[in-house]
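Step one of this worksheet: look at the structure below.
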Amino acid sequence: MSTPSTPVAPVTPVMSALQRPDPAANRFAAMLARARHSGARATPLGTWLMSGGSASAEALSHAGFDWLLIDMEHVPLEFTDVQHLLRAVDCGSATAIVRLASNDPTLAKRAMDMGATTLMFPFVQNAEQARAAAAAMRFPPQGARGFAAMHRASRYGTWSEFGRRANEAVSCIVQLETPDAIARLEEIAAVPGVDALFLGPGDLSAAMGKIGNLADAEVRAAIADVAQRARAVGKPVGIVGPTPAMVREFVAMGYDYVAIASDMGMMMRQANAFIAEFDQTAPSANAGGPY
């Protein structure tokens, strides 16, 4: 004789959708907003990821950095690598920024489809190029981003409001790297959809004929000028420097978010310091390079 089967209760996820972070909340924008209300360290601190290693990215996300930059411009990373790095950074508390190899809407689309929400566009020289960058990150009518629905950005189709709210989730950073770009700072900053600026001090020093010399008086004057003018127009601006001491000087100039060196730079400097300590010699002043 068969017995009536007991109804099986539907499986309910332990964490409901209401408990998860809002997919449309951009972590970079939230980081800058928190910094305005200060705290133990008011200026968000990051570093460059140049090793391409997901373990290094994950470790540095746990180390206490506020943001980590995945560099596709000067590091031989493919998009599969970037996706692994995004997942690794998400394991910790840092927010990820992806710097594209160029101001290219196809590169932007691919990075965003795999879950990048904050992009840095290198070598933006004028307002027209800034408009192209901002448009590449947003769906019409605000921009020209191509639409697809099944990828990591949409949480593989589970974010039902992806098409309607994805534009809220993005932050566009444009990088100024030459005196010509700096001369147009105000018009670039005024472009709708440009959320922040970033000064590339290495390329700026090269363009000024002082390659790699961030301590040069003319280079330092240009760096200070960018901070003052960005603050005057109310646009957040960031920068990277090789040492904590130099980066503290950038903060004093008025930079809103800063980076110290890179994973490779920190590793090479510490390796050189350990070797020098063991050999009882002075560490090399150039270990690790500018970053």
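Report every pair of residues separated by at least 6 positions or lying on different chains whose Cβ atoms are under 7 Å apart, first residue within the stretch 208-233 and farther than 16 Å from ALA252 by Cβ and assigned to a loop (DSSP other than H, G, I, E, B), second open to solvent by 70 Å² or more (accessible area, probe 1.4 Å) and not small (Gly, Ala, Ser).
MET208/GLU218; LYS210/GLU218; GLY212/PRO290; VAL233/GLU186
Could you tell me whether GLU168 is farther than 18 Å from PRO141 by Cα, surrounded by fewer than 23 Cβ atoms within 10 Å (Cβ to Cβ), touching a residue at least 40 places away in the same chain (Cβ under 8 Å) and acidic (Asp, Glu)? Give the derivation first.
Details: farther than 18 Å from PRO141 by Cα: no; surrounded by fewer than 23 Cβ atoms within 10 Å (Cβ to Cβ): yes; touching a residue at least 40 places away in the same chain (Cβ under 8 Å): yes; acidic (Asp, Glu): yes.
No, not satisfied.
List the strands (runs of 3 or more DSSP E) inside the stretch 76-179, counting only whole elements, that have at least 1 residues being within 17 Å of the chain's Cα centre (by Cα) and among the aromatic types (Phe, Trp, Tyr).
118-121
Matching residues to (1) surrounded by fewer than 21 Cβ atoms within 10 Å (Cβ to Cβ); (2) basic (Lys, Arg):
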position	(1), (2)
ASP203	yes, no
ALA206	yes, no
GLY212	yes, no
ASP216	yes, no
ARG231	yes, yes
LYS235	yes, yes
GLY238	no, no
GLY241	no, no
ARG248	yes, yes
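Which residues, taken from the stretch 237-257, are among the charged types (D, E, K, R) and either part of a helix (DSSP H, G or I) or on the phi > 0 side of the Ramachandran plot (or both)? Reasoning before the result, please.
If we filter the stretch 237-257 for residues that are among the charged types (D, E, K, R), which is where we start, we get 248-249, 256.
Passing the criteria: ARG248, GLU249.
What's the number of the only condition in (1) of a type in the set (A, V, I, L, M); (2) closer than 20 Å to THR47 by Cβ; (3) modelled with pLDDT of 95 or more that ALA271 fails to meet?
Status for ALA271: all satisfied but (3).
For residues that are in contact with a helix residue (DSSP H, G or I) (Cβ under 6 Å, 6 or more places away or on another chain) and not in a loop (DSSP other than H, G, I, E, B), scanning just the stretch 34-59, find the one that is nearest to GLY200 (Cα to Cα).
Among them, the one singled out is LEU49.
Within the stretch 180-201, is there a residue that is open to solvent by 40 Å² or more (accessible area, probe 1.4 Å), β-branched (Val, Ile, Thr) and either under 24 Å from LEU49 (Cα atoms) or touching a residue at least 40 places away in the same chain (Cβ under 8 Å) (or both)? Give the derivation first.
First pass over the stretch 180-201, keeping only residues open to solvent by 40 Å² or more (accessible area, probe 1.4 Å): 180, 183-184, 186-187, 190, 192, 195.
Still in the list and also β-branched (Val, Ile, Thr): none.
Checked against the condition, which is being open to solvent by 40 Å² or more (accessible area, probe 1.4 Å), β-branched (Val, Ile, Thr) and either under 24 Å from LEU49 (Cα atoms) or touching a residue at least 40 places away in the same chain (Cβ under 8 Å) (or both), the stretch 180-201 yields no hits at all.
Could you figure out which of (1) over 28 Å from PRO283 (Cβ atoms); (2) open to solvent by 10 Å² or more (accessible area, probe 1.4 Å); (3) in a strand (DSSP E or B) isn't true of ILE260?
Of the numbered conditions (1) over 28 Å from PRO283 (Cβ atoms); (2) open to solvent by 10 Å² or more (accessible area, probe 1.4 Å); (3) in a strand (DSSP E or B), the odd one out for ILE260 is (1).
Restricting attention to the stretch 218-243, which residues are at pLDDT below 95 and farther than 14 Å from GLY200 by Cβ? Write out each step before concluding.
In the first step, residues of the stretch 218-243 are kept if they are at pLDDT below 95; the result is 242-243.
THR243 - this is the single residue of the stretch 218-243 that is at pLDDT below 95 and farther than 14 Å from GLY200 by Cβ.
The values are calculated or read from the model by the stated rules, or taken from the named source; none is laboratory data. These numbers come from a predicted model, not from an experiment. For neighbour counting, all protein chains shown are included, and Cβ atoms are generated from backbone atoms with ideal geometry for every residue, glycine included. For the accessible areas, the whole protein counts, side chains as well, though only heavy atoms, and no ligand, DNA or RNA atoms are used. Shrake-Rupley method; radii C 1.70, N 1.55, O 1.52, S 1.80 Å.
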